[in-house]
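S.K.: Input: one structure, supplied below.
The values are calculated or read from the model by the stated rules, or taken from the named source; none is laboratory data. Just so it is clear, the structure is predicted and the values come from calculations on it, not from any experiment. For neighbour counting, all protein chains shown are included, and Cβ atoms are generated from backbone atoms with ideal geometry for every residue, glycine included.
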Amino acid sequence: MYGLRLDDDRAVVLKVHRPPVGISHLETTDAGLRHLSRHGYPCPDPIDGPVLIDGHVVTVQSLLTRGTAGDAHRPPVRRAMAASLAEHIEILTGIPGGTAALAPRLGPGPAWTQYTGGPWPTPHEPIFDFTGTPAGWEWLDDYAREATAELIRLHSVSPTVIAHADWYAGNLRFEDDRVVAAFDWELIADQEAVLVGLSAGGYLADAAPSPTEVADYIDDYDKARPLHTDGRRAAATAARWMLAFNARCDLSMLEDAPAPGSALHRLATDREAYRLIHP
C-alpha cells in the first residue's frame, strides 16, 4: 500500500492486492463504496482500478485523513462501531441491483469469514500453519467445529446483507466518539447476524474481547438494527468462531504461554463463558 499525491494535489492510496484476488469482487466492492459515499458515509472514494499491472491487481482510492484511533474498550467507542456497522449495512441494502444481484459477485471473503469448511480454512497469512494442532490444544478444534455446526443449524435466521469483512477498531478513526473514517474495505455477503458476530468476536485492536464485551457489542448493534432471538444467538455463535480463528492464529505462533488478553488466552480460561452469551 502506498500513499501518493497526484498532479491535481489529491492525496490517494494505491493498493497492490495480495493474490488471489478477483477483479469482479473488487469491482463490486468499489460499487458499494461509491454507493456509501453518495449517502455521506465516511469511506474512501474509488478513483481508479481495479487494473492488472505486471501481474498485480491495483486499485486507487481517496486518502481518509479525519479522526484518530479509538479505544474500543470504551463503551462510547464500542457503541459507535456497532452503530456505524448497522448504518453501512442499512445503506447497502439500497444499492442498485440489490443484495441478491451483488452478493454472487463478491468472493468468499477473508479466511476468518470462511467458517463452513471446519474446523479451519486456509489461513490468510503464510506465517500461520493450521495443518496440525499441537498436543493439548485439540479442544480448540472442537470449539471451532461446534461453532460451525451451530451456525449451519441457524442458517437463514436473518437476512443476507453486505458489509465490511474486517470491521474492527484498527480499520476505523473517530472524532467525538463517532466513526469518521473507515478503510481497508472488502465487502462480503452473509447473514446479518453472522457478520455482526464476526465483528463482535474481534472488534478490539489490541486484544480479544471478553465475554461481557462481546455481549455488549451485540446488544449495541441490536439497538440499531434488531436481530431478534435467533439472530442474537447466531451472532454470539459467530463471535465464538471468530475468537476460535484468532486463537488458532495465536496457537500457530505460540512459543510459551498465551499472551494475556489474546484470543487463545481468553478461550483457554473463559471459553465456557462465551458459550453462555445468550439472547
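S.K.: Being under 30 Å from P260 (Cβ atoms) and in contact with a His (Cβ under 9 Å, 6 or more places away or on another chain) is true for just one of D177, D166, D184. Which residue is that?
M.R.: D184
S.K.: Could you tell me whether I152 is assigned to a helix (DSSP H, G or I) and either modelled with pLDDT under 95 or under 23 Å from R105 (Cα atoms) (or both)?
M.R.: Considered against the rule, which asks whether it is assigned to a helix (DSSP H, G or I) and either modelled with pLDDT under 95 or under 23 Å from R105 (Cα atoms) (or both), I152 comes out as yes.
S.K.: Going by the conditions given, is D30 free of Cβ contacts under 8 Å to residues at least 40 places away in the same chain, buried (at least 17 other Cβ atoms within 10 Å of the Cβ) and touching a strand residue (DSSP E or B) at 6+ places or on another chain (Cβ under 8 Å)?
M.R.: Judged against the criteria, D30 is a match.
S.K.: Cβ-Cβ under 8 Å, sequence separation 6+ or interchain: first residue in the stretch 200-222 and part of a helix (DSSP H, G or I), partner of a type in the set (K, R). Which pairs?
M.R.: E213/R78; D216/R78; Y217/R78; I218/R232; D220/R78; D220/R79; D222/R232
S.K.: Just need a number here: residues in the stretch 149-161 that are β-branched (V, I, T), surrounded by 22 or more Cβ atoms within 10 Å (Cβ to Cβ) and within 26 Å of R248 (Cα to Cα).
M.R.: Number satisfying all stated conditions: 0.
S.K.: Among the residues of the stretch 104-139, write down those that are in contact with a Ser or Thr (Cβ under 6 Å, 6 or more places away or on another chain), buried (at least 16 other Cβ atoms within 10 Å of the Cβ) and in contact (Cβ under 8 Å) with a residue 60 or more places away in the chain.
M.R.: R105, L106, Y115, F128
Conditions (1) in contact with a strand residue (DSSP E or B) (Cβ under 7 Å, 6 or more places away or on another chain); (2) without any contact (Cβ under 8 Å) to a residue 40 or more places away in the chain; (3) in the same structural domain as G109 (by TED's automatic domain parsing), marked per residue:
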residue	(1), (2), (3)
H35	no, no, no
C43	yes, no, no
L52	no, yes, no
A83	no, no, yes
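S.K.: From the list D142, D177, which residue is farther than 27 Å from L276 by Cα, charged (D, E, K, R), in the same structural domain as R266 (by TED's automatic domain parsing) and surrounded by fewer than 15 Cβ atoms within 10 Å (Cβ to Cβ)?
M.R.: The match here is D177.
S.K.: List the pairs whose first member sits in the stretch 233-254 and is outside any helix (DSSP H, G or I), whose second member is crowded, with 21+ Cβ neighbours inside 10 Å and at pLDDT below 95, and whose Cβ atoms are under 7 Å apart, counting only residues at least 6 apart or on separate chains?
M.R.: none
S.K.: Still on this model: Kindly indicate the residue of the stretch 180-199 that is within 22 Å of Y2 (Cβ to Cβ) and touching a Gly at 6+ places or on another chain (Cβ under 8 Å) and also surrounded by the most Cβ atoms within 10 Å (Cβ to Cβ) among those meeting that condition.
M.R.: Going through the qualifying residues, I end up with W185.
S.K.: Sticking with this one: Can you pull out the residues in the stretch 50-93 that are under 21 Å from K15 (Cβ atoms), among the hydroxyl-bearing types (S, T, Y) and surrounded by fewer than 21 Cβ atoms within 10 Å (Cβ to Cβ)?
M.R.: Within the stretch 50-93, S62, T65 meet the criteria.
S.K.: Here's something else I'd like to know. So T160 passes all but one of these: (1) farther than 30 Å from A257 by Cβ; (2) modelled with pLDDT of 95 or more; (3) over 17 Å from the mean Cα position of the chain (by Cα). Which condition number does it fail?
M.R.: (3)
S.K.: Listed residues A103, A135; which is modelled with pLDDT under 95, in a loop (DSSP other than H, G, I, E, B) and among the aliphatic types (A, V, I, L, M)?
M.R.: Among A103, A135, only A135 is modelled with pLDDT under 95, in a loop (DSSP other than H, G, I, E, B) and among the aliphatic types (A, V, I, L, M).
S.K.: Do we find that A149 is within 18 Å of the chain's Cα centre (by Cα), of a type in the set (G, A, S) and either closer than 27 Å to R18 by Cα or not assigned by TED's automatic domain parsing to the domain that holds S24 (or both) in this structure?
M.R.: Taking the combined requirement at face value, the residue does not satisfy it.
S.K.: Next question. Just checking, how many residues over the stretch 1-15 are loosely packed, with under 14 Cβ neighbours inside 10 Å, in contact (Cβ under 8 Å) with a residue 24 or more places away in the chain and closer than 17 Å to P110 by Cβ?
M.R.: Final tally of qualifying residues: 0.
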